[in-house]
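The values are calculated or read from the model by the stated rules, or taken from the named source; none is laboratory data. The model shown is predicted, which means the values in this text are computed figures rather than measured ones. A quick note on method: Cβ atoms are made from the backbone with ideal geometry, for glycine too, and the neighbour counts reach across all protein chains shown. Heads up: the accessible areas ignore ligands, DNA and RNA and are worked out on the full protein's heavy atoms, side chains in. Shrake-Rupley method; radii C 1.70, N 1.55, O 1.52, S 1.80 Å.
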Amino acid sequence: MLEILTATEMRAREQVAIESGGVTGLDLMERAGRAVVDAVFAEWPELAQTPQTAAVLCGPGNNGGDGFVIARLLKAWGWEVGVYLYGDPERLPPDARINHDRWCAMGSVHDLAQASVEGLKVALMVDALFGTGLRRPLEGVAQQGLNQVAARVVAVDLPSGLCSDSGRVLGTVSNAVRAALTVTFHAPKLGHVLADGPAVCGRVMVADIALAAQAGGAVRLVAPPDAQSLTKAETAHKFGHGHALILTGGAGTTGAARLAARAALRIGAGVVTLGVPPSAQMEVAAQITALMLRRIEDGKTLYAALTDKRITALCLGPGMGTARARDLVPVVLRHESAPRVVLDADALTAFADAPETLFGLLHEGCVLTPHGGEFARLFPDIAARLAAPATQGPAYSKVEATREAAKRAGCVVLLKGADTVIAAPDGACAIHAAAYGRAAPWLATAGAGDVLAGFVAGLLARGFPPMQAAETAAWLHGECARCFGPGLIAEDLPEVLPKVLRALPDQAARASSRMSALLANSNPST
Ligand SMILES: NC(=O)C1=CN([C@@H]2O[C@H](COP(=O)(O)OP(=O)(O)OC[C@H]3O[C@@H](n4cnc5c(N)ncnc54)[C@H](OP(=O)(O)O)[C@@H]3O)[C@@H](O)[C@H]2O)[C@@H](O)CC1
Ligand SMILES: [K+]
């Protein structure tokens, strides 16, 4: 499991290590500084060839302390290093103060408030202004780092201005350092993958500073699924892999549900049936082959259909129309057979006026897959809080918002985006970040969300628990987009899935691929 930490969790890990007596805060700071220097040389090998020039911007906390270590190590390599402190040396925390004083034995410290670094030409700028302790937007002289012209900017832990827990830049979005390389310690932080994080971090390297592994953080990065979990048993009957029922809208609006149905079938549901109103029967019949068709006219016919115990999951919403959704969603959610259900698109919008009615019906076998707009319709107060300007760190995050929504809804919520967050009512939470090595910009295409809903439905039909179904669907969806690449349209996603499934790593390979797939991993000497 690749854990991804909040600032508080990271501090707790540091504290446990220090209290165990095996390491001091000063040791950790030394390792952090050394890890940054090693990562810089790994990223830009040309800088290790001959001594260069660097500007190191140090802040008033321990992030600044790391900066003083880096300055000392670069100087030891023969570099010409300018150190600029934002703050009062007398008020530095103890470990940072010690490293400040060590540096002072080798060079001078400029006061960032007095010495302008605007336009300074250096080979490397080290941003050690703020890390996990950022509380407010960068302002005044602290902003000088933003306009640096160095060819290479390395951020220590986080680009200054970026909130570690939310990935939101405090203030306006231009209020953060834009790094080419970010070197963080022990584990990635939420801010590296959420919101603005990927846009300002550049490449992210996770450096091992020899902190002992501990029980996982509260949030995980979605891992590649285990190939075994998606195979089909040699002896199983088609109904052994479940039967998904996908409801369509009327004539002319059945495309979205057909996309979802094909996705459910491709991901391995044994049988997939499209439930159509009479007006759409001919249209759908003319389009399908492996998919089944059943007339679902109204609540009564749907209720009767659900008495077939072989139907293990439903997908409602894509292209369904809000009126039909308002009629049929309660029938499914109230049905005594309690099949698993994914609700998307119109099935969410249909309850914009009365979200509490929907929440009263949802159960733990449900998954909601809203995009930002649908989320705001169901959870307007949560969405408003998330949309409010981030002025204080730690800022309210998409992780907190999705967790709050899942708790309120009483089921798994998958909030889509480049940073897809999936949360369960018990607080379990995972992020699928389509960023860094897993960026999938081609997913911004009509119908991609319908395919995701279909993937979730197919997995639910196969018996995956809701959280696992949502995580697995999100990962495979992103992987299909990456595998197809430019020119992708939604129809391509289910078609490329077999290739993606064939390439899935087995359990042993998963552990090592997880980290490298998303973030570059460095393991500098300690
Ligand atoms: N944890 C670990 O295991 C390890 C941690 N390590 C390193 O420590 C870093 C965390 O250090 P940290 O906690 O001292 O916080 P940091 O980011 O330096 O800033 C705090 C200071 O900034 C100030 N301040 C905040 N915002 C401001 C603003 N906008 N404008 C002006 N001032 C502002 C704030 O002031 P205050 O809010 O108290 O007024 C306080 O003085 C971490 O990122 C990593 O690099 C490593 O050494 C190895 C192991
Ligand atoms: K920083």
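Looking only at segment 69-81, decide whether some residue is in contact (Cβ under 8 Å) with a residue 24 or more places away in the chain, closer than 30 Å to ALA433 by Cβ, within 16 Å of ligand 2 (Cβ to nearest atom) and surrounded by fewer than 24 Cβ atoms within 10 Å (Cβ to Cβ). No: segment 69-81 contains no residue that is in contact (Cβ under 8 Å) with a residue 24 or more places away in the chain, closer than 30 Å to ALA433 by Cβ, within 16 Å of ligand 2 (Cβ to nearest atom) and surrounded by fewer than 24 Cβ atoms within 10 Å (Cβ to Cβ).
The residues of segment 455-485 that are surrounded by fewer than 22 Cβ atoms within 10 Å (Cβ to Cβ) and assigned to a loop (DSSP other than H, G, I, E, B), listed by number, are GLY463, PRO465, GLY485. Among the numbered conditions (1) small (Gly, Ala, Ser); (2) away from ligand 2 (no atom under 14 Å from the Cβ); (3) closer than 25 Å to ALA42 by Cα, the only one that ALA113 does not meet is (3).
Against the test of being more than 23 Å from SER116 (Cα to Cα) and among the charged types (D, E, K, R), the options ARG152, ARG203 yield a single qualifying residue, ARG203. In this structure, is GLY299 touching a Ser or Thr at 6+ places or on another chain (Cβ under 9 Å), modelled with pLDDT of 95 or more and either under 26 Å from GLU364 (Cβ atoms) or assigned by TED's automatic domain parsing to the domain that holds PRO370 (or both)? Spelling it out, it is not the case that GLY299 is touching a Ser or Thr at 6+ places or on another chain (Cβ under 9 Å), modelled with pLDDT of 95 or more and either under 26 Å from GLU364 (Cβ atoms) or assigned by TED's automatic domain parsing to the domain that holds PRO370 (or both). If you go through segment 387-396 one residue at a time, do you hit one that is assigned by TED's automatic domain parsing to the domain that holds VAL456, of a type in the set (Ser, Thr, Tyr) and either surrounded by fewer than 17 Cβ atoms within 10 Å (Cβ to Cβ) or in contact with a strand residue (DSSP E or B) (Cβ under 7 Å, 6 or more places away or on another chain) (or both)? Taking every residue of segment 387-396 in turn, none turns out to be assigned by TED's automatic domain parsing to the domain that holds VAL456, of a type in the set (Ser, Thr, Tyr) and either surrounded by fewer than 17 Cβ atoms within 10 Å (Cβ to Cβ) or in contact with a strand residue (DSSP E or B) (Cβ under 7 Å, 6 or more places away or on another chain) (or both).
Which number in (1) under 29 Å from LEU47 (Cα atoms); (2) away from ligand 1 (no atom under 12 Å from the Cβ); (3) in contact with a strand residue (DSSP E or B) (Cβ under 6 Å, 6 or more places away or on another chain) marks the one condition that LEU194 misses? Of everything listed in (1) under 29 Å from LEU47 (Cα atoms); (2) away from ligand 1 (no atom under 12 Å from the Cβ); (3) in contact with a strand residue (DSSP E or B) (Cβ under 6 Å, 6 or more places away or on another chain), LEU194 misses just condition (1). Going by what's in this entry, would ARG258 be described as open to solvent by 20 Å² or more (accessible area, probe 1.4 Å), of a type in the set (Lys, Arg) and more than 33 Å from the chain's Cα centre (by Cα)? No. Which residues, taken from segment 14-50, are assigned to a helix (DSSP H, G or I), out of contact with any Ser or Thr (no Cβ under 8 Å at 6 or more places or on another chain) and over 19 Å from THR182 (Cβ atoms)? GLN15, VAL16, ALA17, GLU19, GLY25, LEU26, ASP27, GLU30, GLU46, ALA48 - these are the residues of segment 14-50 that are assigned to a helix (DSSP H, G or I), out of contact with any Ser or Thr (no Cβ under 8 Å at 6 or more places or on another chain) and over 19 Å from THR182 (Cβ atoms). Checking each residue in segment 101-117 for being within 16 Å of ligand 1 (Cβ to nearest atom), within 24 Å of LEU162 (Cα to Cα) and crowded, with 16+ Cβ neighbours inside 10 Å picks out only LEU112.
Looking only at segment 289-305, which residues are open to solvent by less than 30 Å² (accessible area, probe 1.4 Å) and without any contact (Cβ under 8 Å) to a residue 60 or more places away in the chain?
Our first condition is that a residue be open to solvent by less than 30 Å² (accessible area, probe 1.4 Å); within segment 289-305, this holds for 291, 296, 299, 302, 305.
Within segment 289-305, LEU291, ILE296, GLY299, LEU302 meet the criteria.
Here the condition is being within 20 Å of PHE359 (Cα to Cα), within 37 Å of the chain's Cα centre (by Cα), in contact (Cβ under 8 Å) with a residue 12 or more places away in the chain and open to solvent by less than 10 Å² (accessible area, probe 1.4 Å); of GLY275, GLY317, GLY321, it holds for GLY317 alone. Would you call ALA76 in contact with a helix residue (DSSP H, G or I) (Cβ under 7 Å, 6 or more places away or on another chain) and in the same structural domain as ALA155 (by TED's automatic domain parsing)? Criteria not met by ALA76.
Looking only at segment 84-94, decide whether some residue is in a strand (DSSP E or B), surrounded by fewer than 24 Cβ atoms within 10 Å (Cβ to Cβ) and among the acidic types (Asp, Glu).
At the first step, the residues of segment 84-94 found to be in a strand (DSSP E or B) are 84-85.
Imposing the further condition that a residue be surrounded by fewer than 24 Cβ atoms within 10 Å (Cβ to Cβ) reduces the set to none.
So far as segment 84-94 goes, no, none of its residues is in a strand (DSSP E or B), surrounded by fewer than 24 Cβ atoms within 10 Å (Cβ to Cβ) and among the acidic types (Asp, Glu).
Within segment 123-132, identify whether any single residue is more than 10 Å from ligand 1 (Cβ to nearest atom) and closer than 26 Å to ALA418 by Cβ, and answer yes or no. Quick ask: steps written out before the conclusion?
Filtering segment 123-132 down to residues more than 10 Å from ligand 1 (Cβ to nearest atom) leaves 123-127.
When the remaining residues are screened for being closer than 26 Å to ALA418 by Cβ, the result is 127.
Within segment 123-132 (the criterion being more than 10 Å from ligand 1 (Cβ to nearest atom) and closer than 26 Å to ALA418 by Cβ), the answer is yes, since at least one residue qualifies.
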